[in-house]
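The structure under discussion appears below in the form of structure tokens.
The values are calculated or read from the model by the stated rules, or taken from the named source; none is laboratory data. Quantities reported herein were computed from a predicted structural model and do not represent experimental measurements. Note: accessible area is taken over every heavy atom of the protein model, side chains too, but ligands, DNA and RNA are not part of it. Shrake-Rupley method; radii C 1.70, N 1.55, O 1.52, S 1.80 Å.
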Amino acid sequence: MDGPDLGTIEERWAKAVTGPYTFWLDEGSMAWVVDEAGRRIAQVHGYYWFTAHAFAHAPTDIRALLDEVRRLRKITHDSAS
């Protein structure tokens, strides 16, 4: 099969804290990505709130991308049969 091994990617994400995450900015120049319990998952220095926003959405974005790749692979496989 061509392309990345989706099972390996899913295993890595299953072992990680899976979200959902949010992010917030402190009064200084830090952005934090936090889980539902308020635990800090990542810290972003400077005014890079776009980076913190991307980190916060990574679990759902990765899941959506994996699902889409699987869907497209199935279509390709089915049409080749």
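Quick notes
- Within a Gaussian network of the chain (alpha carbon springs, distance under 10 Å), most fluctuating of ALA54, ALA64, ALA37: ALA37
- Relative contact order, percent, the chain [alpha-carbon distance under 8 Å, six or more residues apart]: 23 percent
- Compared with the direct C-alpha span, the chain from SER79 to TRP49 gains 6.5 nm at full extension, assuming 0.36 nm per residue.
- Heavy-atom surface analysis with a 1.4 Å probe gives segment 24-81 a carbon and sulfur content of 61 percent of its accessible area.
- Heavy atoms of the protein chains alone define the surface here; on that basis the chain has 76 Å² accessible area per residue at 1.4 Å probe size.
- Only one item in (i) 16.6, 58; (ii) 38.5, 134; (iii) 12.7, 41 matches Rg and Dmax of the Cα atoms in Å derived from the coordinates shown, and that item is (i).
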